[in-house]
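These notes concern the structure reproduced below.
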Amino acid sequence: MVRIGISVEGVTEERFIKGLLTPYLASKGIFATPISLDGNISVDRVKHELKRLVHSFDYTSTFYDFYGFKHKEFNETKLTLEQKIHSAVDSELKHKLIPYVQMYEFEGLLFSSPEAIASQLQDEKLHQWASAILLEFNNNPELVNNSKETAPSKRLEANTIYRKTTHGPNIAKEIGVDKIRAMCSGFDA
(Lines give C-alpha, C1' and ligand atoms only; values in the text may rest on other atoms or scores of the structure.)
Protein backbone atom coordinates (compact mmCIF):
# COMPACT_ATOMS: atom_id res chain seq x y z
CA MET A 1 0.00 0.00 0.00
CA VAL A 2 1.22 3.49 -0.91
CA ARG A 3 0.79 6.25 1.67
CA ILE A 4 0.12 9.79 0.49
CA GLY A 5 -0.17 12.82 2.74
CA ILE A 6 -2.27 15.63 1.30
CA SER A 7 -1.78 19.08 2.76
CA VAL A 8 -5.15 20.83 2.51
CA GLU A 9 -6.38 24.36 3.05
CA GLY A 10 -9.12 23.69 5.59
CA VAL A 11 -12.03 21.64 6.87
CA THR A 12 -13.94 21.51 3.57
CA GLU A 13 -10.98 20.09 1.66
CA GLU A 14 -10.21 17.70 4.52
CA ARG A 15 -13.79 16.37 4.46
CA PHE A 16 -13.61 16.10 0.65
CA ILE A 17 -10.44 14.00 0.87
CA LYS A 18 -11.78 11.79 3.69
CA GLY A 19 -15.26 11.31 2.26
CA LEU A 20 -14.55 11.00 -1.43
CA LEU A 21 -10.89 10.61 -2.36
CA THR A 22 -9.77 8.31 0.45
CA PRO A 23 -12.23 5.50 -0.43
CA TYR A 24 -11.57 6.00 -4.15
CA LEU A 25 -7.79 5.82 -3.72
CA ALA A 26 -8.00 2.94 -1.21
CA SER A 27 -9.57 0.80 -3.94
CA LYS A 28 -6.32 1.36 -5.85
CA GLY A 29 -4.05 0.50 -2.93
CA ILE A 30 -3.35 4.12 -1.97
CA PHE A 31 -3.93 5.33 1.59
CA ALA A 32 -4.57 9.10 1.67
CA THR A 33 -4.28 11.24 4.78
CA PRO A 34 -5.40 14.88 4.66
CA ILE A 35 -3.51 17.32 6.88
CA SER A 36 -5.27 20.67 7.30
CA LEU A 37 -3.46 24.00 7.54
CA ASP A 38 -6.70 25.64 8.76
CA GLY A 39 -6.54 28.44 6.21
CA ASN A 40 -4.08 31.32 6.00
CA ILE A 41 -2.25 29.71 3.06
CA SER A 42 0.95 31.29 1.77
CA VAL A 43 3.85 29.92 -0.23
CA ASP A 44 6.16 30.28 2.79
CA ARG A 45 3.76 28.45 5.10
CA VAL A 46 3.24 25.68 2.54
CA LYS A 47 6.99 25.26 2.05
CA HIS A 48 7.49 24.89 5.81
CA GLU A 49 4.67 22.32 6.04
CA LEU A 50 5.88 20.26 3.08
CA LYS A 51 9.46 20.04 4.34
CA ARG A 52 7.98 18.25 7.36
CA LEU A 53 5.44 16.09 5.52
CA VAL A 54 7.60 14.82 2.67
CA HIS A 55 9.55 12.65 5.12
CA SER A 56 6.42 11.08 6.63
CA PHE A 57 4.76 9.62 3.52
CA ASP A 58 5.64 7.75 0.35
CA TYR A 59 4.23 10.74 -1.57
CA THR A 60 2.96 14.15 -0.59
CA SER A 61 0.45 16.31 -2.42
CA THR A 62 -1.47 19.51 -1.85
CA PHE A 63 -5.05 20.67 -2.27
CA TYR A 64 -5.32 24.45 -1.93
CA ASP A 65 -7.62 26.94 -3.61
CA PHE A 66 -5.92 29.47 -5.87
CA TYR A 67 -7.97 32.17 -4.14
CA GLY A 68 -6.88 30.87 -0.75
CA PHE A 69 -3.27 31.97 -1.19
CA LYS A 70 -2.24 35.12 0.65
CA HIS A 71 0.44 37.44 -0.73
CA LYS A 72 0.25 36.20 -4.32
CA GLU A 73 2.26 38.15 -6.85
CA PHE A 74 0.30 40.27 -9.33
CA ASN A 75 0.81 37.87 -12.25
CA GLU A 76 0.63 34.65 -10.20
CA THR A 77 -0.96 31.63 -11.87
CA LYS A 78 -1.88 28.11 -10.81
CA LEU A 79 1.25 26.86 -12.57
CA THR A 80 3.62 29.35 -10.91
CA LEU A 81 2.18 28.53 -7.48
CA GLU A 82 2.59 24.81 -8.13
CA GLN A 83 6.19 25.41 -9.25
CA LYS A 84 6.91 27.39 -6.07
CA ILE A 85 5.39 24.58 -4.00
CA HIS A 86 7.49 22.01 -5.87
CA SER A 87 10.65 24.00 -5.13
CA ALA A 88 9.89 23.68 -1.41
CA VAL A 89 11.59 20.32 -1.04
CA ASP A 90 15.16 19.24 -1.60
CA SER A 91 15.97 17.99 -5.10
CA GLU A 92 16.39 14.35 -4.00
CA LEU A 93 12.80 14.41 -2.62
CA LYS A 94 11.04 16.23 -5.50
CA HIS A 95 9.87 12.92 -6.99
CA LYS A 96 7.74 12.45 -3.83
CA LEU A 97 5.84 15.75 -4.21
CA ILE A 98 2.75 16.26 -6.39
CA PRO A 99 1.67 19.89 -5.95
CA TYR A 100 -1.94 20.73 -6.79
CA VAL A 101 -3.72 24.10 -6.69
CA GLN A 102 -7.45 24.10 -7.47
CA MET A 103 -8.62 26.78 -9.92
CA TYR A 104 -10.24 28.88 -8.61
CA GLU A 105 -11.55 27.16 -5.55
CA PHE A 106 -12.96 23.84 -4.36
CA GLU A 107 -16.56 24.84 -5.16
CA GLY A 108 -15.75 24.93 -8.87
CA LEU A 109 -15.67 21.13 -8.77
CA LEU A 110 -19.27 21.11 -7.55
CA PHE A 111 -20.49 22.60 -10.83
CA SER A 112 -19.57 19.23 -12.39
CA SER A 113 -23.14 18.26 -11.58
CA PRO A 114 -25.97 20.79 -11.41
CA GLU A 115 -28.17 17.79 -10.48
CA ALA A 116 -26.14 17.10 -7.34
CA ILE A 117 -26.19 20.77 -6.34
CA ALA A 118 -30.00 20.82 -6.63
CA SER A 119 -30.34 17.48 -4.86
CA GLN A 120 -28.12 18.25 -1.88
CA LEU A 121 -29.46 21.80 -1.45
CA GLN A 122 -33.01 20.46 -1.84
CA ASP A 123 -34.11 22.99 -4.44
CA GLU A 124 -34.91 21.72 -7.93
CA LYS A 125 -34.70 25.26 -9.39
CA LEU A 126 -30.97 25.16 -8.68
CA HIS A 127 -30.48 22.56 -11.40
CA GLN A 128 -31.36 25.10 -14.09
CA TRP A 129 -29.44 27.89 -12.31
CA ALA A 130 -26.22 25.84 -12.02
CA SER A 131 -26.61 24.49 -15.57
CA ALA A 132 -26.80 28.05 -16.92
CA ILE A 133 -23.62 29.00 -15.06
CA LEU A 134 -21.84 25.90 -16.32
CA LEU A 135 -22.93 26.67 -19.89
CA GLU A 136 -21.64 30.25 -19.52
CA PHE A 137 -18.18 28.76 -18.89
CA ASN A 138 -18.24 26.26 -21.79
CA ASN A 139 -19.21 23.36 -19.51
CA ASN A 140 -15.87 23.61 -17.70
CA PRO A 141 -16.46 23.77 -13.92
CA GLU A 142 -12.87 24.82 -13.29
CA LEU A 143 -13.44 28.03 -15.24
CA VAL A 144 -16.51 29.14 -13.26
CA ASN A 145 -15.25 32.53 -12.14
CA ASN A 146 -15.20 36.18 -13.11
CA SER A 147 -13.64 37.62 -9.96
CA LYS A 148 -13.27 36.94 -6.25
CA GLU A 149 -16.79 38.34 -5.86
CA THR A 150 -18.28 35.88 -8.37
CA ALA A 151 -16.17 32.85 -7.52
CA PRO A 152 -18.05 29.55 -7.29
CA SER A 153 -18.49 29.72 -3.49
CA LYS A 154 -19.77 33.31 -3.67
CA ARG A 155 -22.33 32.29 -6.30
CA LEU A 156 -23.52 29.37 -4.17
CA GLU A 157 -23.66 31.42 -0.96
CA ALA A 158 -25.56 34.29 -2.62
CA ASN A 159 -28.16 32.13 -4.36
CA THR A 160 -28.65 29.06 -2.17
CA ILE A 161 -28.56 27.76 1.41
CA TYR A 162 -25.01 26.51 0.75
CA ARG A 163 -22.75 26.04 3.78
CA LYS A 164 -19.18 25.29 2.73
CA THR A 165 -18.10 22.65 5.25
CA THR A 166 -21.42 20.80 5.25
CA HIS A 167 -22.79 20.96 1.73
CA GLY A 168 -19.55 21.09 -0.26
CA PRO A 169 -18.23 17.62 0.62
CA ASN A 170 -21.75 16.15 0.46
CA ILE A 171 -22.36 17.52 -3.05
CA ALA A 172 -18.94 16.23 -4.16
CA LYS A 173 -19.71 12.80 -2.71
CA GLU A 174 -22.98 12.64 -4.64
CA ILE A 175 -21.17 13.64 -7.85
CA GLY A 176 -18.40 11.06 -7.42
CA VAL A 177 -14.74 11.09 -8.38
CA ASP A 178 -15.25 9.71 -11.89
CA LYS A 179 -17.69 12.48 -12.90
CA ILE A 180 -15.49 15.20 -11.37
CA ARG A 181 -12.47 13.81 -13.22
CA ALA A 182 -14.41 13.70 -16.48
CA MET A 183 -15.55 17.32 -16.13
CA CYS A 184 -12.41 18.86 -14.58
CA SER A 185 -9.22 18.26 -16.53
CA GLY A 186 -7.00 20.13 -14.05
CA PHE A 187 -8.26 18.04 -11.16
CA ASP A 188 -8.01 14.89 -13.26
CA ALA A 189 -4.37 15.57 -14.14
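The values are calculated or read from the model by the stated rules, or taken from the named source; none is laboratory data. This one's a predicted model, so the numbers in the text were calculated from it and none came from an experiment. Using ideal geometry, Cβ is built from the backbone for each residue, glycine included, and neighbour counts are taken over all protein chains shown. Just the protein is used for accessible areas: all its heavy atoms, side chains included, with ligands, DNA and RNA removed. Shrake-Rupley method; radii C 1.70, N 1.55, O 1.52, S 1.80 Å.
Helix-only arithmetic for the chain: the sum of -39500 (n - 2.57) across DSSP H runs with n ≥ 4, divided by the residue total, places the mean residue ellipticity at 222 nm at -12000 deg cm²/dmol. Geometric descriptor of segment 1-98, per residue, is 91 Å³ (volume of the convex hull of the Cα atoms).
Find how much the distance from F31 to D178 grows on full extension, using 0.36 nm per residue of separation minus their present alpha carbon separation; answer in nm with one decimal. The partial results should precede the final answer.
Numbers: separation 147, 0.36 × 147 = 52.92 nm, distance 1.81 nm.
Residue separation times 0.36 nm, minus the Cα-Cα distance, leaves 51.1 nm.
In degrees between 0 and 90, to the nearest 10, how far off the longest principal axis of the chain does helix 164-175 point, with axes built from Cα atoms? Roughly 80 degrees between the two axes. Values of log10 I(q)/I(0) for segment 102-189 across q = 0.13, 0.21, 0.22 Å⁻¹ run -0.33, -0.94, -1.05, by the Debye formula with one identical scatterer at each alpha carbon and no solvent. As a calculated quantity, the FRET efficiency between F137 and K70 at R0 = 22 Å, using C-beta atoms, amounts to about 0.25. The apolar share of the surface of the chain, taken as the fraction of accessible area on carbon and sulfur atoms (1.4 Å probe, ligands and nucleic acids excluded), comes to 51 percent.
Once the mean of 1/r is taken over each pair of separate Cα atoms and inverted, segment 37-77 shows a Kirkwood hydrodynamic radius of 11.3 Å. Per residue, the chain exposes an accessible area of 49 Å² to a 1.4 Å probe, with every protein chain left in place. By DSSP, the beta bridges lying fully in the chain are antiparallel in about 0 percent of cases.
In terms of distances greater than 23 angstrom between alpha carbons, the cross-link table entries K51/K78; K51/K84; K47/K148; K72/K148 yield K47/K148.
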